[in-house]
Amino acid sequence: MRHRHRHRQPLPPRTVPNGFSIVELMLGLTIGLLASVVIAQVFIQSEAHRRTTSGAADAHQGGTIASWRMMRDLRMAGAGLQHGPTLWGCGLEAWFDGSRLLPAAAWPAPFEAFPVALPLAPIVVIDGGGAAPDAILVMAARGGAGPAPTPASIVDDTRIDLATSVGLGAGNLLLMADMAAIAPCRIGQVAAGFATVPGVPAPRAVPTGVPGSGYNAPGGFSTLAPDRDYAVIDLGGTPSIAMYGVVGGTLVQYDVLRTSGLAVPTVQAENVENLQVLYGVDDGTGGVANDNVVDRWVVPGTAGFDAASMLAGGAGVLQVKSIRLALVMRASEPSSVEGPAELVMFGDLATPLQVRVTVPTAERRFARQVVDLVIPLRNQWIALCAEERRAAGLPAPGTCG
């Protein structure tokens, strides 16, 4: 009897399942989610701190740049224009390549409030009124012939004769003014070919170039009123007649004579919301008049110090010895901290001199900083001691030595 043997197939080996169980997956996802939340919170707090600190730093840095650029021009106010009793208030006339610059047809924003006919003045401020930004006009010469006017006679439309031409250079701008009366004063230009010879006395005859070219009027100086007591002030190659103001959140400068080659206002600093100015005056209120010491601060719209009086060459022009500027700077990014609803400019002074700026609710997360500085006008101190003012007995005893 035969036995049949069945051959059994071996069982497949048991395998360990690959991957994670559902419990392990849920646990991993939970841990990852918690880690993501922690990381996100740290990042949010870090970003909020960065915006808060960098916003304040940006506002401070912007204020430093803006104030430095303004101070560079403003502290030169009146340079080279201190002498001559009839200079301040004379009506400026200027041309460039045959086109009239002064009087102007109109001024660009934000300088529309200035008159189109500008008299000569070291510094003038248009009061914006309330918390509206002010606008500043500053004038200064940069000549090498000294600040004293040089007696002059007009020969024809291409030549003038001076008592001396020492210090004049080719291309320098000249201001022809009547020394006996406040009258129109005209800007012209020394011809490009003018030169002096070392060791030889400077020539009296000074060519002014082709009429209607450069800064020469179409008729040169020859169309000014005849038989007047004229004198010339050397303005140098790049005199400054500049306006400063705030428009659209930027501080802008306008070069009236276009010596920079630009015919539009140029941006000096961004994120500037406001500009306010006070005059420091030496008028004897609470002190001694005409001793070159600031007696009080006044708002530019104050009677006697308003723009019309200053441009007319009134007594207030000589009494202004310094200016105080305040700029409101705004950060470019919002922060996590809400700022105050109101900013106070000149907060250390009496209430009538303070300017309060309201910050809209939607803007309060943008950091703001008030930059405040005082700029002494040293050329105004010199002006008090000019020969004609000493002769008139204006300076207080001992002021001018």
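See the values below:
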{"quantity": "For the range 280-317 and the range 108-180, distance of Cα centres in Å", "calculated": "21 Å"}
{"quantity": "Gyration tensor (Cα) of the range 172-298, equivalent ellipsoid semi-axes in angstrom", "calculated": "35, 25, 15"}
{"quantity": "Equivalent ellipsoid semi-axes, the chain, via Cα gyration tensor eigenvalues times 5, rooted, Å", "calculated": "70, 29, 17"}
{"quantity": "The range 105-176 - Kirkwood radius from inverse mean 1/r over Cα pairs (Å)", "calculated": "15.5 Å"}
{"quantity": "Size of the range 91-146 as Cα extents on the principal axes (Å, biggest first)", "calculated": "42, 28, 16"}
{"quantity": "Antiparallel bridge percentage (DSSP; both residues within the chain; nearest 5)", "calculated": "95 percent"}
{"quantity": "Two-decimal Rg to Rh for the range 229-350 - Kirkwood Rh, Cα set", "calculated": "1.05"}
{"quantity": "Crossing angle, helix 22-74 versus the chain [Cα axis fit, 0-90 degrees, rounded to tens]", "calculated": "0 degrees"}
{"quantity": "Per residue accessible area of the chain, 1.4 Å probe, in Å²", "calculated": "50 Å²"}
{"quantity": "Residue 302 accessible area, 1.4 Å probe, all protein chains in place, Å² to nearest 10", "calculated": "50 Å²"}
{"quantity": "Probe 1.4 Å - accessible area at residue 285, Å² to nearest ten", "calculated": "70 Å²"}
{"quantity": "Span per principal axis, largest first, for the Cα atoms of the range 275-401 (Å)", "calculated": "63, 26, 25"}
{"quantity": "Radius ratio Rg over Rh of the range 154-243, counting only Cα atoms, Kirkwood formula for Rh", "calculated": "0.95"}
{"quantity": "Accessible surface ranking that places the most exposed of 324, 365 first, with a 1.4 angstrom probe", "calculated": "365, 324"}
{"quantity": "Length-normalised contact order of the chain in % [C-alpha pairs under 8 Å, at least 6 apart]", "calculated": "19 percent"}
{"quantity": "Carbon and sulfur %, accessible surface of the chain computed with the full protein complex present, 1.4 Å", "calculated": "59 percent"}
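The values are calculated or read from the model by the stated rules, or taken from the named source; none is laboratory data. Because the structure is a prediction, the values reported are computed rather than measured. With ligands, DNA and RNA removed, areas are computed over all heavy atoms of the protein, side chains included. Shrake-Rupley method; radii C 1.70, N 1.55, O 1.52, S 1.80 Å.
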